[in-house]
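Below is one structure, written out as structure tokens; the observations come after it.
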Amino acid sequence: MLEIVGANAENTGVEPAYHNRLHTGLALVSLTALLDSNRKQVQHPPNSLTETEYLLLLTMLSHDYGHPGGRNNFPAELEQKTLELIAPIMKSSGLSKSDQKRIGEIILKTDPVSVSAAHVEAQKLSFDINKFEWQCVLIQEADVLASALPEMGQFLTECLAREWSYVDVELASGLLSPEGRESFLQYGALFSSPASNRLGIPEVVFRQLAALRSDKCVVNST
């Protein structure tokens, strides 16, 4: 269904430049890497999916379903619209009410304004993939992991800027500046799960921040 909706949007010229099928695919790959990293820490049997892993993959697949592009005008605006679209699909697919509720609650937490507080709450608890707080963090990490990588960050930021340019040209152009990249890495690209630490993602973010700040110091000194 996601592919059909995305292909139709592309054919009519309305598929968002960033919140599209590529983003969903990258987020799914990122979550898979995080789940695999977690498995290596807990020595999970390699040939089976747990119910929690399946639920998280389904959440990731669904989290931007029907995204119109742009950004929220108020907290969880677009995330709530996604829930309205996927609610009948989840119900007709036979998902339990508890799973539907859990998926919906996690998707609401993908609003960027919720990320920092979600990491704080999760870090108060020992890591457990079955805990709601850590499930939110894993989904949030997977949502931005590709954009946090230096190899893909520039391209994906350009995509997001192109998408935002239809609603706010000034904010869109700000994304492309060194200051915009620094702000994203510092406040948006948060990684606190043991899985992301095992993959070395926090170090990747730290090195980029250090380079940006070093360049800023050179510019200021001249």
Item to check | Residue count for region 33-87, restricted to those that are over 19 Å from R102 (Cα atoms) and either in a helix (DSSP H, G or I) or of a type in the set (D, E) (or both) | outcome: 9
Item to check | Test for E133: is it touching a helix residue (DSSP H, G or I) at 6+ places or on another chain (Cβ under 7 Å), modelled with pLDDT of 95 or more and surrounded by 15 or more Cβ atoms within 10 Å (Cβ to Cβ) | outcome: yes
Checklist entry - Is there any pair linking a residue in region 167-178 that is in a helix (DSSP H, G or I) to one that is β-branched (V, I, T), with Cβ under 8 Å and at least six apart or on different chains, and which? => result L175/T157
Next on the checklist: Here is a check on your reading of the model: is I139 assigned to a loop (DSSP other than H, G, I, E, B), aliphatic (A, V, I, L, M) and either farther than 30 Å from E182 by Cβ or touching a residue at least 24 places away in the same chain (Cβ under 8 Å) (or both)?
Outcome noted: no
Checklist outcome for this item: Selection from region 193-203 of residues surrounded by fewer than 19 Cβ atoms within 10 Å (Cβ to Cβ) and either in contact (Cβ under 8 Å) with a residue 12 or more places away in the chain or acidic (D, E) (or both) yields P194, R198, E203
Next on the checklist: I need the full set of residues from region 179-218 which are among the polar types (S, T, N, Q) and part of a loop (DSSP other than H, G, I, E, B), in order please.
Outcome noted: S192, S193
Item to check | Pair list, Cβ < 8 Å and 6+ apart or interchain, from region 1-29 residues that are of a type in the set (F, W, Y) to residues that are at pLDDT 95 or above and not in a helix (DSSP H, G or I) | outcome: Y18/G69
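The values are calculated or read from the model by the stated rules, or taken from the named source; none is laboratory data. Owing to the predicted nature of the structure, the values given are computational and were not obtained by experimental measurement. Reconstructed Cβ throughout: ideal geometry from the backbone, glycine too, with neighbour counts over all protein chains shown.
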